[in-house]
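A.B. asks: A single structure is presented below for examination.
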Amino acid sequence: MARVCSEIQEWVEEQVERPIEEWVNRQEERCRDEPCNWWLLCLNKLFCWLVWVTVRVVTWVVVTVGKWVTRVVCEIITFVLDVIGFIVNLILSIPIIGGIIRTILNWVTEIIWRLVGLIDFFISLAGGRARKKMYFGVVVPSVDGTAIANDVDIMTQVNATIAFYDTTCNINMIFTGICHTDIAPPDGGLTVACDAEGFFNDWWLPGSYFEFAAATCKFVDGFRRVIGYGGEIVVFVVRNVTPDTPMRGTAGCSFGSTHNYVVVEARPTSPILLAAHEIGHACWLPHDGGVNNLMSGNAIPLPATATLTNLQIATVRSSKHCVYI
């Protein structure tokens, strides 16, 4: 079921159908209470009921029938687009050539949508932050039939991410669920290097694995990852992210607009805002020197103290992943 189709239906029900239904109910009550004027042969009461019946019929024909016809047409169109997106994503999962095309495509779409969103960037920078939305989901590899991470640990990060971006950026983080994939990952799919090695590995088998697993796990609205606008950020759970340093271990990684995915370690000892931190990188936020900043390069702060600057908020909100519709 295409998300955009269900969202359109929900909007129609909330903004159109419900107000009309409330008016119809009020009209029905008014007709019941309408006094019968004998000198009009009670035609005033009859007219009131005729209005009520007419509105009820028109509402059913125009709103109810129209809503479902629109939903069916929308579902068909988005399914076709998702099939096309799935085929494109399979092509992009081909090692080397697919990886290079994928990198170029991701950056081109990011730059295009950044330019389109410049006005929104400056409005957000000035404090005007109308409600936007961003999709994200989790993919968990299984090895020998066993998931490499616990859903409870994953949901801890998911819930913290939703709460943080809601209160800080007025972004509705729409979680698309956890997908347990049985597609066997290469070694690089479980141990990911967050350096130049990791960047070029994305053009080889590890990147092909992530792209293929995302295409099969996150089929719905997959065409958005191709065109960029509103593309879902896929959070892949891995066993280890390197390099680790004596001062601070690396627990997650993102290469910004290069990928439509980020990787995190999901375990009880992982920072609660780890996924939120990596999603920030995916939206062009670099590390920040502030101790309490979400993007701190030294330590990821606790939810109660995590912050973003106005510039950071505007940058996230103008990302291709963050949209109105």
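A.B. asks: Using only the Cα atoms of the range 3-86, what semi-axes does the equivalent ellipsoid have when each is the square root of 5 times a gyration tensor eigenvalue? Give whole Å, largest first.
C.D. replies: After diagonalising the Cα gyration tensor, the semi-axes are 42, 11, 5 Å.
A.B. asks: Determine, from the Cβ-Cβ distance of residue 101 and residue 163 and an R0 of 35 Å, the FRET efficiency 1/(1 + (r/R0)^6), rounded to the nearest 0.05.
C.D. replies: Computed FRET efficiency for residue 101 and residue 163 comes out at 0.45.
A.B. asks: Next question, about the same structure. Run the reach check for residue 133 against aspartates and glutamates, Cα to Cα strictly under 13 Å, same-chain hits fewer than 8 apart removed. What comes back?
C.D. replies: 7, 166, 232
A.B. asks: Something else about it: Find how much the distance from residue 64 to residue 9 grows on full extension, using 0.36 nm per residue of separation minus their present alpha carbon separation; answer in nm with one decimal.
C.D. replies: Numbers: separation 55, 0.36 × 55 = 19.80 nm, distance 1.01 nm.
Going from the current span to full extension adds 18.8 nm.
A.B. asks: When the scattering of the chain is computed by the Debye formula from its Cα atoms alone, each counted once and equally, what is log10 I(q)/I(0) at q = 0.15 Å⁻¹?
C.D. replies: After summing over all Cα pairs, the log10 values are -1.21.
A.B. asks: If you don't mind, another one. Determine, for 48, 5, the number of other Cβ atoms within 10 Å of each Cβ, and report the residues in order from fewest to most.
C.D. replies: Values: 48 17, 5 20.
The fewest-first ordering by Cβ neighbours comes to 48, 5.
A.B. asks: I would also like to ask the following. Below 8 Å between Cα atoms, with a sequence gap of 6+, how large is the relative contact order for the range 95-323 in percent?
C.D. replies: Computed value for the range 95-323: 28 percent relative contact order.
A.B. asks: About the Cα centre of the chain, what is the dipole size in debye to 20, counting +1 per Lys and Arg Cβ and -1 per Asp and Glu Cβ, all else neutral? Walk me through the numbers on the way to the answer.
C.D. replies: On the way: 23 positive and 31 negative charges, 160 e Å.
It works out to roughly 760 debye.
A.B. asks: Tell me, what are the semi-axes, in whole angstrom and largest first, of the equivalent ellipsoid of the range 46-131 as set by the roots of 5 times the Cα gyration tensor eigenvalues?
C.D. replies: In descending order, the three semi-axes are 45, 25, 6 Å.
A.B. asks: Next question, about the same structure. Can you give the % of DSSP beta bridges in the chain that are antiparallel, to the nearest 5? Walk me through the numbers on the way to the answer.
C.D. replies: On the way: 6 of 28 bridges.
Roughly 20 percent of the beta bridges in the chain run antiparallel, per DSSP.
A.B. asks: Please sort through the DSSP H helices of the chain and keep those with an alpha-carbon extent of at least 15 Å along the long axis and a Kyte-Doolittle average not below -0.5.
C.D. replies: Within the chain the helices that satisfy the rule are 43-58, 66-92, 97-116, 151-169, 205-217.
A.B. asks: Placing +1 on the Cβ of each Lys and Arg and -1 on the Cβ of each Asp and Glu in the chain, which of 310, 173, 50 has its Cα farthest towards the positive end of the resulting dipole?
C.D. replies: 50
A.B. asks: Along the principal axes of its C-alpha atoms, what lengths does the range 116-192 span, in descending order and rounded to whole Å?
C.D. replies: Here the spans come out as 51, 26, 18 Å, largest first.
A.B. asks: Translational D (Stokes-Einstein, µm²/s) of the range 206-271 at 37 °C and 0.692 mPa s when Rh comes from the Kirkwood sum over C-alpha pairs?
C.D. replies: So the translational diffusion coefficient is about 250 µm²/s.
Throughout, read-outs are computed from the coordinates displayed, never taken from laboratory work. It should be emphasised that the depicted structure is a prediction, and the values quoted were computed from it without experimental measurement. Neighbour counts run over all protein chains shown; Cβ positions are idealised from the backbone, glycine included.
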